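Since every read-out is calculated from the coordinates, none of them should be taken as a lab result. All values derive from a computational prediction rather than experimental measurement. We place every Cβ from the backbone using ideal geometry, glycine too, and count neighbours over all the protein chains shown.
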Amino acid sequence: MAPSQILLRSHKDPFTATSATETYLRNTIGNNVGNLVFSHASHRLLSRKDAVVTSSQGRSGLDDPARASEEFDHFVVPLANAFRPAFHRHLDQLSEYIEGLTVPVTVLGVGAQARINGSTKQIDPMSESVTRFVRAVLDRSASIGVRGEFTRQYLASLGFGDEHVDVIGCPSMFLRGPELTIREQEGPIDAGSRIAVNVSPYVEQMGPILLANAQRYPGLHYFAQDLGTLGLMLGGDFVGAGRQLTQNPVTADHVLYREDRMRFCLDPWTWFDALATYRFSFGTRIHGNISALLAGTPAVVLAHDSRTLELAEYYEIPHRKIGRLSEDVDAARLYAKGDWGPLQAGHAARWETFARFLHRHGLGHAFEDGGDLDGFDARVSATTFPPPVHALPVAERGGRGSWRVRRATRKKLEASARPAAG
């Protein structure tokens, strides 16, 4: 019997290495390297001896659904906060593509992005597009997988009942299937501890928190995730929301830039390896902290919107709402009050929920008979990935080595400054 052919929506496959400059110029991370964590986890989870998983490599297969229906048996779509204004146009394109498919479609963990107080005012204008997308999926699927309870309730408000909506979390947390182990740490966090911090550059409250902790802990490093910060680190200017929030690391004048305390991992595998060497991780990036947990490092999420909050709540990841924290929040206190017991104790049950969802959709997984974890892991091990990126020294900014990045940055800045059409 021929193996099942699965088309997986992802920006690049897990076995492709790209340089820092190529990553920036081609945007192989989909604006945020966190995207690779859940797409590569999905690839590993679906790796079986009776299936061939093909990454769409950023094209999303959106060129020809009729041809895709001939070549593939299943379209699997790992998503993040796709129900948000910035993704509106892409969601419509994805709906149009799915409507042209004649093969099953499985959505892994889509989420709605709203204010942390639960207000959906910012996404209400796209309710018709969300409804169109969900209907297109349900016409080819037993159900749609959502990230958490907030998204389930949001879809209920649009008329989709529980029989069609499964809360499954995000596939990233199931990279290792039913196992999740957070290392037991000895002693409290102190001035000599290595601490990883992650920052959403547009979250203003993170600026004072970051600066205070950077001063207290010389071993603190910022692990950046977004394309704009990668451009900054390669010698360009920061491009993206939050350019005016200079307490956040968005300029070469920032203390973390000047002291070489910024890192950018271009692939999940080097990210996990790096974070495994730290005592603790905290910040506003959900996949920055999930990556730390997957590396066995304790992490605390500083939730700033519904998407970060609902995943932290679903997985019982220790978290605090950033709006309720003072500027003097201390990494040592966050660590001391963290409890990773419920996260670990409930992981096996959450995994079973996820595995049942896959079976409901006719998909096997890598942690049962016929799985091919060894084959997947061997291909990853055989790939040489670039090491974490350091910020280009200030003295070298503007040199010949960064001209392509500077030129691309100017184009991105010019494009962001143009008024929107219509």
Handout entry: Mean-position separation - Cα centroids, region 111-173 and region 21-71, in angstrom
Key = 22
Practice task
Over the alpha-carbon set of region 195-345, work out the extent along each principal axis and list the three values in angstrom, largest first.
Solution key: 45, 33, 29
Fill in the blank from the handout: The distance between the Cα centres of region 340-375 and region 246-285, in whole Å, is 30
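Extension gain S157-N117, at 0.36 nm per residue separation less the Cα-Cα distance, in nm?
Numbers: separation 40, 0.36 × 40 = 14.40 nm, distance 1.66 nm.
Length difference between fully extended and current span is 12.7 nm.
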Completion exercise
For the chain the mean separation of alpha carbon contacts under 8 Å (6+ apart) over residue count, i.e. relative contact order in percent, is 20
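Using the count of nearby Cβ atoms within 10 Å as a rough guide to exposure, how do C265, C170 rank from fewest to most?
Ordered from fewest to most neighbouring Cβ atoms within 10 Å, C265, C170 come out as C265, C170.
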Practice task
Extending each Cα 7 Å along its Cβ direction at E96 and E313, get the distance between those two points in nm, one decimal.
Solution key: 3.5
Fill in the blank from the handout: Computed from the beta carbon distance with a Förster radius of 45 Å, FRET efficiency for R410 and D339 to the nearest 0.05 stands at 0.40
Practice task
Subtracting the Cα-Cα distance from 0.36 nm times the residue separation, let me have the gained length for H359 to D139 in nm, one decimal.
Solution key: 77.4 nm
Exercise for the section: With r as the distance between the Cβ atoms of A382 and A2 and R0 = 22 Å, compute the FRET efficiency 1/(1 + (r/R0)^6) and round to 0.05. Expected result: 0.30
Exercise for the section: Highest first, please rank the peptides 109-116, 383-390, 274-281 by the mean number of other Cβ atoms sitting within 10 Å of their residues. Expected result: 109-116, 274-281, 383-390
Exercise for the section: Quickly rank 4-14, 402-412 as a protection proxy: mean count of other C-beta atoms within 10 Å, highest first. Expected result: 4-14, 402-412
Practice task
Compute the Rg to Rh ratio over region 265-397 from the alpha carbon atoms, using the Kirkwood formula for Rh, and round to two decimal places.
Solution key: 1.04
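Based on DSSP, what percent of beta bridges with both residues in the chain are antiparallel, to the nearest 5?
Close to 10 percent.
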